[in-house]
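Trainee: Quick one: the structure is below, questions incoming.
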Amino acid sequence: GWQTSMKSGSLSCILPCNRLPVQLMSQVRVYTSNGQKKDLGSEDTNRSAHEETLHKAETGRKDTTSAGQKQSSLKQPIQVKVKAVLKKREYGPKYTQNNFITGVRAINEFCLKSSDLDQLRKIKRRSPHDDTETFTVYLRSDVEAKSLEVWGSPEALARERKRRKEAEIKYRENLFRNQRLLWEYKEFFGNTKPRSSTAAMFFKGPGKVVMVAICINGLNFFFKLLAWVYTGSASMFSEAIHSLADTCNQALLALGISQSARTPDPSHPYGFTNMRYIASLISGVGIFMMGAGLSWYHGIIGLLHPHPVESLLWAYCILAGSLVSEGATLLVAINEIRRSARAKGLSFYQYVVQSRDPSTNVVLLEDAAAVLSVAVAATCMGLTSLTGNPYYDSLGSLGVGTLLGTVSAFLIYTNTEALLGRSIEPEQLQRLTELLESDPVVRAIHDVKATDMGMSKVRFKAEVDFDGRVVTRSYLEKQDIEQLLQEIQQVKTLEELEAFMLKHGENIIDTLGAEVDRLEKDLKQRNPDVRHVDLEIL
């Protein structure tokens, strides 16, 4: 922006500048064609002189003002605000410098000895297990450096890992071979080992009920089979098949009980308790296919091709004995369910429908069906004896098959629901939620899930919004405030501030982890059914 102005023979030029305007004054002269020069303002000399005087006065005033402004602006200090920011640290896609590793992992994964770990830095950390408060860990970087020092190079370490892996596979093969030899030795010389805990399970509770049912149903099958061979009754054949199905299914339940007692392993970290439900589900399918299917088949054959029934006296005697034995087993199952339901605070009906104990439920329903089927078979055989019409006997076989089909459908439904992982009762879930929300360290909980894993084992999961102020206050209550204040006063540089914040930040995170452990422990103590708790920090 240049700006020019002509005022009575004078030229005023204002130069562009960021701070002060600069004015230049010059006299403009005009030359004629004859080489003579003349002033532009010669026509009116007096007026030009007067205007020139006024212009000089105005220019002097402006110069004085501009000089004052320039001097004042130079006296004012320039203030610049600089924001102090720590340099962002790039950790890379894989950062393991600060990772901790246990002694067992260090020995197994890096092929070290326990004596090698004695030379490394030991760090005490909170234990993730309930039975111990703290445990010793090592820095992964120290362990890696020590392994390279021991083995010389990563290639040598890889070769040693491969050698140990091959030795472990060979050891497992030898262990399996030795177990087979030991089993053969026990079979030949007899087993003198004390009774194991798995065997003791069959002398109390559901195991006792299942073993009693196996013995009684096995005897019933044998005698009913003899009665069918002697009489040829379709109803007696259905009863024999029913007892055989019950015996096989309860043997399957015994297998499920023994497998459910296995301890958890890395492949099954939550254990094998669901084996009872799997065995009960297969038992229900077996009842439907073997018991109901064969009974329907034999009843339909009897209707299509009726034949006279022989003397039913022995059949009645066997049915009476079966009624007594099945009734005794039914009473054992009823007493066991009543005792278990009372311990859980549930009614008899709720305990059965929720399939709290699948093994006892199967025995209960099978024996109840057995008692009813004995009554149906005896009634239809009596009608056949009175009327001489074999169709009543065939109808009795169809009735027994229908009864077995109903029981099997109920068992399949209840055990499938249990295996799918159903939620616990709303009242129990509400108690767990209120217990968490009433704690001062918890602001809110979201996405609450409580799954019944079977056999009165509950897995609880929730996302928890923790109050950071309460967690920090909990940490400060365990610190020496005077010493902490001195540390704060000694902070002078950004490096010292970073070291201070990193030290206490890590301790506050540890305090948060301790609060999570405390909440999980409280949930398990106040609700014994809760075995696994997963609290996620929101």
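The values are calculated or read from the model by the stated rules, or taken from the named source; none is laboratory data. As the structure is a computational prediction, the values presented were derived from the model and not from experiment. When we count neighbours, we look across all protein chains shown, and the Cβ atoms used for this are built from the backbone with ideal geometry, even at glycine. Each accessible area value is taken on the protein alone, full model and side chains, heavy atoms only, with ligands, DNA and RNA left out. Shrake-Rupley method; radii C 1.70, N 1.55, O 1.52, S 1.80 Å.
Trainee: I'd like the accessible area for Ile107: 1.4 Å probe, protein heavy atoms, all chains in place, Å² to the nearest 10.
Mentor: 50
Trainee: How would Phe223, Phe100 line up by accessible area, probe 1.4 Å, largest first?
Mentor: So the residues, ranked largest to smallest area, are Phe223, Phe100.
Trainee: In terms of solvent-accessible area of protein heavy atoms at a 1.4 angstrom probe, what is the ranking of Cys248, Cys380, highest value first?
Mentor: Per-residue accessible area, sorted high to low, gives Cys248, Cys380.
Trainee: Identify, among Ile445, Pro528, Leu485, the residue whose Cα sits farthest towards the positive end of the charge dipole of region 426-537, taking +1 on the Cβ of Lys and Arg and -1 on the Cβ of Asp and Glu, with the dipole about the Cα centre.
Mentor: Pro528
Trainee: I want to make sure I understand the PRE zone here: with the label point 7 angstrom from the Cα of Leu429 toward its beta carbon, which residues in region 502-537 have backbone N atoms less than 16 Å away?
Mentor: 530, 534
Trainee: Here is a follow-up. Quote to one decimal, in nm, the extra length available between Leu386 and Ser141 on full extension: 0.36 nm per residue of separation minus the C-alpha distance between them.
Mentor: That works out to 79.1 nm of additional length.
Trainee: Antiparallel DSSP bridges in region 393-530: what percent, to the nearest 5?
Mentor: DSSP beta bridges in region 393-530 are roughly 90 percent antiparallel.
Trainee: Averaging the inverse of every distinct alpha carbon separation and then flipping it gives the Kirkwood radius. What is it for region 426-537, in angstrom units? All intermediate terms of the calculation are to be shown ahead of the outcome.
Mentor: Details: mean 1/r = 0.0624 Å⁻¹.
About 16.0 Å for region 426-537.
Trainee: So if R0 is 56 Å, what FRET efficiency would Lys521 and Ala375 give, r being the distance between their Cβ atoms, rounded to the nearest 0.05?
Mentor: Computed FRET efficiency for Lys521 and Ala375 comes out at 0.55.
Trainee: Identify, among Ala378, Val229, Val332, the residue whose Cα sits farthest towards the positive end of the charge dipole of region 198-420, taking +1 on the Cβ of Lys and Arg and -1 on the Cβ of Asp and Glu, with the dipole about the Cα centre.
Mentor: Val332
Trainee: In what order, largest first, do Ser114, Ser359 sit by accessible area if the probe radius is 1.4 Å?
Mentor: The ranking, largest first, comes out as Ser114, Ser359.
Trainee: Continuing with the same structure: Using the structure shown, list the pairs from Lys478/Lys524; Lys478/Lys503; Lys204/Lys521; Lys344/Lys457; Lys478/Lys521 with a Cα-Cα distance above 19 Å, or answer none. Let's see the in-between values first.
Mentor: Values: Lys478/Lys524 26 Å; Lys478/Lys503 15 Å; Lys204/Lys521 30 Å; Lys344/Lys457 12 Å; Lys478/Lys521 21 Å.
Too far apart for the 19 Å limit: Lys478/Lys524; Lys204/Lys521; Lys478/Lys521.
Trainee: Which semi-axis lengths, in whole Å and largest first, follow from the square roots of five times the eigenvalues of the Cα gyration tensor of region 357-491?
Mentor: Its equivalent ellipsoid spans semi-axes of 68, 11, 10 Å.
Trainee: Using the beta-carbon distance between Asp467 and Leu331 and R0 = 35 Å, what value does 1/(1 + (r/R0)^6) give for FRET efficiency, to the nearest 0.05?
Mentor: So, using R0 = 35 Å, E works out to roughly 0.05.
Trainee: For Asp522, what accessible surface area do you get with a 1.4 Å probe? Give it in Å², rounded to 10.
Mentor: Number for this one is 40 Å².
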